[in-house]
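Enquirer: Take a look at this one; I'll ask things after.
The values are calculated or read from the model by the stated rules, or taken from the named source; none is laboratory data. Because the structure is a prediction, the values reported are computed rather than measured. Please note: Cβ atoms are built from the backbone with ideal geometry, for glycine as well, and neighbour counts cover all protein chains shown.
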Amino acid sequence: MYYFIVSMFDEHEQVEETVKELSTLESRVFIVQSDDSTNWLDDYKAEYKSKLPNLESQFEDRRKLPSHAICRNMSEGFTTAYKTAVELSEVPELVVALTGDTLITDSQSFVRRRNQMIEEKKVAMISQAWGQTFWSSDGQLTRLQGEDLPDFACCIFVIDGQFFKDTKCFTQIEVTNEYTSEECLGEELVKHLPEGNFREHISLLNTNPYAAYSYNDGVMYHARNGKPGR
């Protein structure tokens, strides 16, 4: 059994296609939507569907919106997935988290990732953007990405199911950087890892660490607009 957690806003066509593709795999889908004032969510065939308030009006500085929305929505999805696993006495093979504009085109790619993680003895696969500079927690563009930082992209990441159930990771993601969700996610993962070097327990989805969106096995990034953002 594979668990998929989808954090979305208005990427309805892409999420519908993703859910359809995931139906070819033994899976449970958990969708968490930031309210876009439509009722499309009602039609999705998913294990769990939740619509949360749109946070946009709460932030004069729009740079803060993504971190808060991602951390809230992902926490909601992971919490529900954890409760489901406990209630069903189930350990998912993988827990895959993604955003609505990441289109899944081949669900079998996650079987390949699961086999890869077993072979490499990893508990997570993430995408990073070495060489790029992100916003730091004080709102300055100074957080240089590299091998020494755990920051990773929210577009798609993969967690071992047993590790997820043992640690309850990502069920309460703290907004440690209001400007960069990548730092929030990275710090949440590190908090639950066994002792040792971060690199010992994770591997990269993007084989080119300097190109965060270079992973292309069964996924299409930014399928709605063709680029990051709105």
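Enquirer: Which one is surrounded by the most Cβ atoms within 10 Å (Cβ to Cβ) among residues in the stretch 59-71 that are touching a Leu at 6+ places or on another chain (Cβ under 9 Å) and without any contact (Cβ under 8 Å) to a residue 40 or more places away in the chain?
Expert: Going through the qualifying residues, I end up with 65.
Residue by residue, here is whether (1) more than 19 Å from residue 79 (Cβ to Cβ); (2) out of contact with any Lys or Arg (no Cβ under 8 Å at 6 or more places or on another chain); (3) surrounded by fewer than 17 Cβ atoms within 10 Å (Cβ to Cβ); (4) modelled with pLDDT under 95 holds:
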site	(1), (2), (3), (4)
1	no, no, yes, no
4	no, no, no, no
15	yes, yes, no, no
18	yes, yes, no, no
22	yes, yes, no, no
38	yes, yes, yes, yes
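Enquirer: Still on this structure, I have one more. Scanning the stretch 24-36 for residues that are over 16 Å from residue 74 (Cα atoms) and either assigned to a helix (DSSP H, G or I) or not β-branched (Val, Ile, Thr) (or both), which turns out modelled with the lowest pLDDT?
Expert: 36
Enquirer: Which one is farthest from residue 102 (Cα to Cα) among residues in the stretch 181-203 that are within 14 Å of the chain's Cα centre (by Cα) and in contact (Cβ under 8 Å) with a residue 24 or more places away in the chain?
Expert: The qualifying residue farthest from residue 102 (Cα to Cα) is 187.
Enquirer: Collect the residues in the stretch 156-186 that are touching an Asp or Glu at 6+ places or on another chain (Cβ under 8 Å), within 30 Å of residue 86 (Cβ to Cβ) and not β-branched (Val, Ile, Thr), keeping them in residue-number order.
Expert: 161, 169, 170, 174, 182, 183, 184, 185, 186
Enquirer: So which strands (runs of 3 or more DSSP E) stay within the stretch 118-230 end to end and still have 1 or more residues that are crowded, with 21+ Cβ neighbours inside 10 Å, among the small types (Gly, Ala, Ser) and touching a strand residue (DSSP E or B) at 6+ places or on another chain (Cβ under 8 Å)?
Expert: Hits in the stretch 118-230: 124-126.
Enquirer: How many residues are under 18 Å from the mean Cα position of the chain (by Cα) and under 15 Å from residue 205 (Cβ atoms) when one looks only at the stretch 114-150?
Expert: Final tally of qualifying residues: 11.
Enquirer: Starting from residues that are within 15 Å of residue 75 (Cβ to Cβ) and of a type in the set (A, V, I, L, M), keep the ones in the stretch 40-58 and report whichever is surrounded by the fewest Cβ atoms within 10 Å (Cβ to Cβ).
Expert: Per the stated criteria, the residue is 52.
Enquirer: Here is a list: 69, 97. Which entry is assigned to a helix (DSSP H, G or I), aliphatic (A, V, I, L, M) and at pLDDT 95 or above?
Expert: Criteria check complete, one pass: 69.
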